[in-house]
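Right, one structure below, let's go through it.
The values are calculated or read from the model by the stated rules, or taken from the named source; none is laboratory data. Small disclaimer: the values here were computed from a predicted structure and weren't measured. Note that we place each Cβ from the backbone using ideal geometry, even for glycine, and neighbour counts take in every protein chain shown. Note: areas computed on protein heavy atoms with side chains; ligands, DNA, RNA excluded. Shrake-Rupley method; radii C 1.70, N 1.55, O 1.52, S 1.80 Å.
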Amino acid sequence: MVSVDFAEIENLQKKDDWDGLTKYMIKSAKQLENAGADLIILCTNTMHLCSDEIIKNVTILFLHIADATGKKIQSKGLQKLALIGTKFTMEKDFYRTTLKKYGIDVIIPDVDDREIIHKVIYKELVLGNIENNSREVYKRIIKDLENKGAEGVILGCTEIPLLIEQDDVDIPIFNTTKIHAESAVKIALNN
């Protein structure tokens, strides 16, 4: 396990320095590989923006969070999913592209709602603040996406399950943190 400094990650994200972030993630992945790891799981959604370069720079298996999530959604027979997470996760195409391989179309909230979701993540959830008002706003956003045809919602940020649970919404939720962890355990047990 390699832990990274989230303050440094957040600072590089704010600067839109994805080259710096990618180098940081590659360095961490190489530490794992050099320590004898057989599998890399990147325990965050947003930083999977660096996954292609990580994979190119290591020789061990990398379990992509969107692949694990795509397989789970595909097993449920759903084809149109809402994605909520950081602005980076919602607006960049790494999730959309990966899920397309599983026959899944992704829809995201409108620009104002994306901003709200992002602010709640960085101003509340990462600080451990769980606000009922924010839960209600997220529920409204998810309902809007359901009304636009979403058959389920991908909780594409590791902190969102602190705020939203299955009982909060009418469509299935896909907790990427849990799905990723369970997939990693299955791989580890089969090696």
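Can you check how the C-alpha radius of gyration of the chain compares to 2.2 N^0.38 Å, as a plain ratio?
1.01
Extension gain, residue 3 to residue 23, is 5.7 nm, computed as 0.36 nm per intervening residue step minus the present C-alpha separation. Calculated accessible area for the chain comes out at 52 Å² per residue, all protein chains present (probe 1.4 Å; ligands, DNA, RNA ignored). Taking the accessible area of the range 33-130, probe 1.4 Å, and keeping the other protein chains in place, the carbon and sulfur fraction comes to 47%.
Taking the mean number of other Cβ atoms within 10 Å as a proxy for protection, how do you rank 150-158, 105-113 from highest to lowest?
Numbers: 150-158: 24.9, 105-113: 15.8.
Ranking, from highest mean packing down: 150-158, 105-113.
On the beta carbon distance between residue 112 and residue 10, with R0 = 22 Å, the FRET formula returns roughly 0.50.
Note on the range 3-54 and the range 101-144: Cα centroid distance 23 Å, given to the nearest whole angstrom.
Largest mean-square fluctuation among 20, 70, 85, in a Gaussian network model of the chain whose springs join Cα atoms under 10 Å apart, belongs to 20.
In the chain, the DSSP-assigned H stretches of four residues or longer account for a calculated mean residue ellipticity at 222 nm of -16000 deg cm²/dmol, using -39500 (n - 2.57) per stretch and the full residue count as denominator.
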